[in-house]
Amino acid sequence: MCGIVGYIGSKDACPFLLSGLQRLEYRGYDSAGIATLRQSDNIRVTKVAGRVAELDAALQHKPMAGPLGIGHTRWATHGAATQDNAHPHLGGSAAVTLAHNGVIENYESLKSELVGKGYQFVSQTDSEVVAHLVAECLKEAQGDGAEPEVQHCVDAMQAAIARLRGTYGLVVMFREFPDLLIAARCGSPLVVGVGKQEQFVASDTSPLVGFTERIIYLADHQIAVIRPDNIQVLHRDHGRVRPDIQTLSSQSQDASLEGYEHYMLKEIYEQPQSIQNALRGRIDRDNATAKFGGLNLTTQQLRGIQRVILTGCGTSWHSALVGDYLIEELARIPVEVEYASELRYRNPPVDHDTVVFGITQSGETADTLAALREMKRKGHHTLAICNVIGSSIAQEADGGIYLHAGPEIGVASTKAFTSQLTVLSMLALYFGRLRHLSFEAGQRIITQLELLPQVVEQTLGCHKQVREIAAKYADASNFLYLGRKFNFPTALEGALKLKEISYIHAEGYPAAEMKHGPIALVDENTPSVFIVPQGTVYEKVLSNLQEVKARGGPVIAIVDHEDPQVTKLADDVIHIPEIEDFLQPIVASIPLQLLSYEIALLRGCDVDKPRNLAKSVTVE
Ligand code: F6R
């Protein structure tokens, strides 16, 4: 949540800062700002209550030069999305300028202390408190009349962050030191890009692509003291540490629209490829199983697993629900699915043969990270099913599986969801084959998995029809999404996609739950989307569909064969290709993603940056 960039070197900072903020905008987009500094000058700041494009426009009128600069794109937590609350913030009469990600929990007590010392606040943010606190610590470090030194700035940073409770990723400039940038991390990711006579900082790797391939992931409690020609990393407890310079993965390649109107649409269309990438190298036909390199468990430990906990948030939690059905059905291991935000505060009695999987696209979701840490603290093996390489969760888990879906920029998750389901299907096969699942069953599952990319490609052929259906229902105020067994989570995910990008109220339910309450919502203005492919619960879902029709509700049905019964009843029918039921959520999600996309477009919504949302939720 929120994006940070910083530059120090010999060139003008602004072009990198602006392009970086554009690439980070998916992390937060309600206000933006940059600050620059050049030798013998004052710090200059431009901020807007709006998007990076508006910041760019403001800078056309008022260009800012300087080889040192920081920038920020915000997702508001403390204080509304106003210009004053936008970052960067100034501290101590502009001696210090900083941008902050995260949440400072003790900001109110620090603020009253600073107000008592005469500091004046212009924003409602917790971040401005940090700016003044660093300025105050700088004053103390410098003492009376001493010549300012870089070491004073480092001491001031260390003293200030020692007083913070909460999470932060900070980049800080000091007016007296136009060749110094300090970055500090605790719970909010920061990456330093190493260049030649120039260095970069960003809250994820995307701004660095095309600028440098050498990166340092800062760990919690580290600060980086960055000069144009050198970087020192200091750890709170261990002093100076040798920076671990890594190579930027090819997966972080620049994500451009490539002719698509929106990232969401591009990412929907990328699914045949992203699913293929998730499968690549993980199928072992000879042994009728899947294989994973990074679980870091012996075969004996894997066979001994008695329980699996799957946790995540939002769409990733929906993947966990599908994972529950998959692992129980194929591997017969008891599974529990938990919202990460609940798991982190629960104290479930868990025995030693339990493994905990955190499912996450970004690898930065605060609740998922905290839940995994809590489970790890209690001695459980924690694993990540994660897309972003090098993310906090990928680094902290004991092992895991990468999705290899490529950058997902659209705020609404699409291809990460279907890749998560692909990985979970392989995981269920793998666990199953370590237990009772036969060689023949394994082979059959592999055949289905290998068909997936092509089946998903075929499914995308429904787009035109979905667009026509969207036009019929775009004015509705409420939608119901209904499915059973594997497709109950599909229904939840369909409803989430619609509400987050079109702002239509939508509810997902197991179809049979309808009659226990939600059926009261059915009327001629409330469309119900039924996921009703062939399978063990087909007849049951059909009965539920009839119950809705009997009450005059319009029905959009998703079917996987020529189905005269459904065609007779439903107002609109979308055909998807046939696939075994355990893979239906992947295929059935495609028309649901397209339906939300088309409805959101018709309602004039900003599909890639829906209101109030951000792509990676790094606050609790
Ligand atoms: C919905 C969506 C969110 C995320 C959730 C978890 O489209 O994107 O619900 O799924 O915020 O994010 P990750 O998977 O990054 O942990």
Tally time: how many residues in region 567-615 are in contact with a Pro (Cβ under 9 Å, 6 or more places away or on another chain) and within 14 Å of the ligand (Cβ to nearest atom)? 1
Consider region 173-230. How many of its residues are closer than 22 Å to residue 369 by Cα, open to solvent by 10 Å² or more (accessible area, probe 1.4 Å), of a type in the set (A, V, I, L, M, F, W, C) and not in a strand (DSSP E or B)? 1
With the structure loaded, tell me whether residue 314 is under 27 Å from residue 395 (Cα atoms), within 16 Å of the ligand (Cβ to nearest atom) and open to solvent by 20 Å² or more (accessible area, probe 1.4 Å) or whether it fails that test. yes
Exclusive hit being touching a Lys or Arg at 6+ places or on another chain (Cβ under 8 Å), open to solvent by 20 Å² or more (accessible area, probe 1.4 Å) and part of a helix (DSSP H, G or I), set 158, 151: 158
Matching residues, region 433-469, being β-branched (Val, Ile, Thr), open to solvent by less than 50 Å² (accessible area, probe 1.4 Å) and farther than 26 Å from residue 595 by Cα: 445, 446
Evaluate the following for residue 125: is it surrounded by 21 or more Cβ atoms within 10 Å (Cβ to Cβ), in contact (Cβ under 8 Å) with a residue 60 or more places away in the chain and touching a His at 6+ places or on another chain (Cβ under 9 Å)? no
What helices (runs of 4 or more DSSP H) lie completely within region 517-620 and have 1 or more residues being farther than 30 Å from residue 359 by Cβ and of a type in the set (D, E, K, R)? 538-550, 564-569
Among the numbered criteria (1) touching a Leu at 6+ places or on another chain (Cβ under 6 Å); (2) open to solvent by less than 60 Å² (accessible area, probe 1.4 Å), which single criterion is violated by residue 303? (2)
Return the residues of region 482-531 that are touching an Asp or Glu at 6+ places or on another chain (Cβ under 8 Å) and within 14 Å of the ligand (Cβ to nearest atom); say none if nothing qualifies. 495, 508
Scope region 40-96; condition among the charged types (D, E, K, R), open to solvent by 50 Å² or more (accessible area, probe 1.4 Å) and not in a loop (DSSP other than H, G, I, E, B); matching residues: 44, 54
Residues within region 564-586 that are within 22 Å of residue 467 (Cβ to Cβ) and either among the aromatic types (Phe, Trp, Tyr) or touching a strand residue (DSSP E or B) at 6+ places or on another chain (Cβ under 9 Å) (or both), tallied: 9
Given the condition in the same structural domain as residue 441 (by TED's automatic domain parsing) and within 23 Å of residue 620 (Cα to Cα), answer yes or no: does some residue in region 293-310 qualify? yes
Within region 399-424, restricting to residues that are farther than 26 Å from residue 348 by Cβ and more than 14 Å from the ligand (Cβ to nearest atom), the one that is nearest to the chain's Cα centre (by Cα) is 406
Of all residues in region 346-361 being open to solvent by less than 10 Å² (accessible area, probe 1.4 Å) and within 16 Å of the ligand (Cβ to nearest atom), which is nearest to the chain's Cα centre (by Cα)? 360
Has region 249-265 got any residue that is assigned to a strand (DSSP E or B) and either within 16 Å of the ligand (Cβ to nearest atom) or surrounded by 13 or more Cβ atoms within 10 Å (Cβ to Cβ) (or both)? no
Given the residues 366, 397, which is the only one that is closer than 20 Å to residue 615 by Cβ and among the small types (Gly, Ala, Ser)? 366
Please find, among 401, 409, 469, the residue that is among the hydrophobic types (A, V, I, L, M, F, W, C) and either at pLDDT below 95 or at positive phi (or both). 409
Taking the condition more than 16 Å from the ligand (Cβ to nearest atom) and either touching a residue at least 12 places away in the same chain (Cβ under 8 Å) or assigned to a loop (DSSP other than H, G, I, E, B) (or both), does residue 286 pass? no
Does residue 377 satisfy the condition of being open to solvent by 50 Å² or more (accessible area, probe 1.4 Å) and modelled with pLDDT under 95? yes
Return yes or no: is residue 47 at pLDDT below 95 and either charged (D, E, K, R) or more than 29 Å from residue 615 (Cα to Cα) (or both)? no
Odd one out for residue 77, checked against (1) among the hydroxyl-bearing types (Ser, Thr, Tyr); (2) free of Cβ contacts under 8 Å to residues at least 40 places away in the same chain; (3) farther than 25 Å from residue 193 by Cα: (2)
Quick check on this structure: which one of 521, 542 is open to solvent by 20 Å² or more (accessible area, probe 1.4 Å) and either of a type in the set (A, V, I, L, M, F, W, C) or not assigned by TED's automatic domain parsing to the domain that holds residue 477 (or both)? 521
Would region 382-398 turn up any residue that is open to solvent by 10 Å² or more (accessible area, probe 1.4 Å), modelled with pLDDT of 95 or more and away from the ligand (no atom under 16 Å from the Cβ)? yes
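The values are calculated or read from the model by the stated rules, or taken from the named source; none is laboratory data. Being a predicted model, the structure only gives us computed values, none of them experimental. With ideal geometry, Cβ positions are generated from the backbone for all residues, glycine too; neighbour counts draw on all protein chains shown. Just the protein is used for accessible areas: all its heavy atoms, side chains included, with ligands, DNA and RNA removed. Shrake-Rupley method; radii C 1.70, N 1.55, O 1.52, S 1.80 Å.
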